[in-house]
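The values are calculated or read from the model by the stated rules, or taken from the named source; none is laboratory data. Treat the numbers as computed from the prediction; the structure is a model and nothing was measured. When we count neighbours, we look across all protein chains shown, and the Cβ atoms used for this are built from the backbone with ideal geometry, even at glycine.
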Ligand code: COS
């Protein structure tokens, strides 16, 4: 049977391929050379920020109406994936810029969008503040309070594990405005780093993604103008969960990128390394391991793009697919990077090669934007409903 050239059901658009080649070129030239140092010194990847800003890849998701690139959700995943392939820490720049503004894009006022998204287009960053020390998986148990004071809101409390905390200009902060109403008494606000009473606390010392600062934030009678609320009071928890429906695929994309980076390194190494008189890639054990790694990555990538495409189409019920994509891709990233270290043998356990960093970076993708146990809970609630 002759093939039908117009059948493009599982094919990306040409511009997606062009985008991938552009961001891959930038990542290999301007981000990869610093990845080891960024990790080793646990320092922010300034080179990556500069390169991403210069090329307009820092916040590709920002709609054209606000001066952005207006990249679709799949394109945004491709950018994150390609940066993650060389440096997990740097991929959190485009990823968290989306996380920190998605609630605003979905439910914020026009004026607020103009202000915040305009700043992102100029290269400033945004973060997302949901978790607290005592409210991680049980996010609705948060204690940070926001009380009305005339036209303003006064926020008191703290948030923790905030990615890019201290580097970002803007913070989407969820806080309780009506303690009687539980999840429906939580509101979302855009807080600016210069707002009175906004304090950046200590940074975490982490296993991986060491180049991306993870901070505790304090709100000490933090005064926020009334027009910085996102949507109506009481809608903040729904905005927070809706945001995650749109951004869990981006963590899946990060996981796919890290896994691909580890696979690429493992292919190159096993084709070069000789033992027992031949390359280790020619042993069937290695062939089967590499095949399994590539197979899993392919499945994860397809799931991530499917979930992103469904979000882009504006489908209503994204809970299952976005949780599934993030969960599956991050589990794959952990397996693939661990296998990559194994294929490198003793060398893989050293910092001479990038696979140990990739293994450490992969671990967080199973934890943040909701642990994979929470993803399974979200999936189960969706299928049992
Ligand atoms: N989009 C919009 N609204 C949603 C939603 C979604 N995806 N999922 C649930 N809601 C609504 C519910 O319908 C409910 O509203 P009503 O009371 O009006 O019906 C409200 O939000 C509360 O939902 P629910 O009762 O399911 O909340 P729970 O407290 O049981 O918690 C989980 C839900 C566990 C899913 C949530 O707390 C969660 O995702 N936790 C992980 C947090 C996380 O990912 N943290 C990482 C931070 S980013 S690094």
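Within 16 Å of the ligand (Cβ to nearest atom) and crowded, with 23+ Cβ neighbours inside 10 Å, is that true of residue 235? No. Apart from one condition, residue 212 fits all of (1) part of a loop (DSSP other than H, G, I, E, B); (2) under 30 Å from residue 151 (Cβ atoms); the exception is (2).
Considering only residues that are in a loop (DSSP other than H, G, I, E, B) and either farther than 13 Å from residue 187 by Cβ or not assigned by TED's automatic domain parsing to the domain that holds residue 218 (or both), which ones fall in region 136-154?
Taking region 136-154 and keeping what is in a loop (DSSP other than H, G, I, E, B), we get 136-138, 142-144, 150-151.
Result: 136, 137, 138, 143, 150, 151.
May I ask you to say which residue of 32, 65, 59 is touching a helix residue (DSSP H, G or I) at 6+ places or on another chain (Cβ under 8 Å) and closer than 30 Å to residue 106 by Cβ? Testing whether each residue is touching a helix residue (DSSP H, G or I) at 6+ places or on another chain (Cβ under 8 Å) and closer than 30 Å to residue 106 by Cβ leaves just 59. Somewhere in region 249-258, is a residue modelled with pLDDT of 95 or more and surrounded by fewer than 17 Cβ atoms within 10 Å (Cβ to Cβ)? No: region 249-258 contains no residue that is modelled with pLDDT of 95 or more and surrounded by fewer than 17 Cβ atoms within 10 Å (Cβ to Cβ).
Of the residues making up region 109-117, not a single one is within 14 Å of the ligand (Cβ to nearest atom), out of contact with any helix residue (DSSP H, G or I) (no Cβ under 6 Å at 6 or more places or on another chain) and at pLDDT 95 or above.
So residue 333 fits all but one of (1) assigned to a helix (DSSP H, G or I); (2) away from the ligand (no atom under 13 Å from the Cβ); (3) surrounded by fewer than 23 Cβ atoms within 10 Å (Cβ to Cβ); what number is the exception? Looking at each condition in turn, residue 333 falls short on (3). Of the listed requirements (1) under 29 Å from residue 302 (Cβ atoms); (2) touching a strand residue (DSSP E or B) at 6+ places or on another chain (Cβ under 6 Å), residue 209 misses just one: (2). Only one of the listed residues (252, 182) is in contact (Cβ under 8 Å) with a residue 24 or more places away in the chain, in a helix (DSSP H, G or I) and either closer than 30 Å to residue 328 by Cα or away from the ligand (no atom under 16 Å from the Cβ) (or both). That residue is 252.
Checking each residue in region 188-209 for being surrounded by fewer than 23 Cβ atoms within 10 Å (Cβ to Cβ) and touching a helix residue (DSSP H, G or I) at 6+ places or on another chain (Cβ under 9 Å) picks out 192, 195, 206, 207, 208.
Residue by residue, here is whether (1) in a loop (DSSP other than H, G, I, E, B); (2) within 27 Å of residue 32 (Cβ to Cβ); (3) in the same structural domain as residue 311 (by TED's automatic domain parsing) holds:
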{"site": "70", "(1), (2), (3)": "yes, no, no"}
{"site": "79", "(1), (2), (3)": "no, yes, no"}
{"site": "82", "(1), (2), (3)": "no, yes, no"}
{"site": "89", "(1), (2), (3)": "no, yes, no"}
{"site": "92", "(1), (2), (3)": "no, yes, no"}
{"site": "97", "(1), (2), (3)": "no, yes, no"}
{"site": "106", "(1), (2), (3)": "no, no, no"}
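Any residue at all in region 361-373 that's in a loop (DSSP other than H, G, I, E, B), within 16 Å of the ligand (Cβ to nearest atom), at pLDDT below 95 and closer than 30 Å to residue 71 by Cβ? No, region 361-373 contains no residue that is in a loop (DSSP other than H, G, I, E, B), within 16 Å of the ligand (Cβ to nearest atom), at pLDDT below 95 and closer than 30 Å to residue 71 by Cβ. Evaluate region 268-288: report whether one residue or more is within 14 Å of the ligand (Cβ to nearest atom), in a helix (DSSP H, G or I) and modelled with pLDDT of 95 or more. So far as region 268-288 goes, no, none of its residues is within 14 Å of the ligand (Cβ to nearest atom), in a helix (DSSP H, G or I) and modelled with pLDDT of 95 or more. Looking only at residues of region 298-326 that are within 11 Å of the ligand (Cβ to nearest atom) and within 18 Å of residue 254 (Cα to Cα), we find that the one that is surrounded by the fewest Cβ atoms within 10 Å (Cβ to Cβ) is 323.
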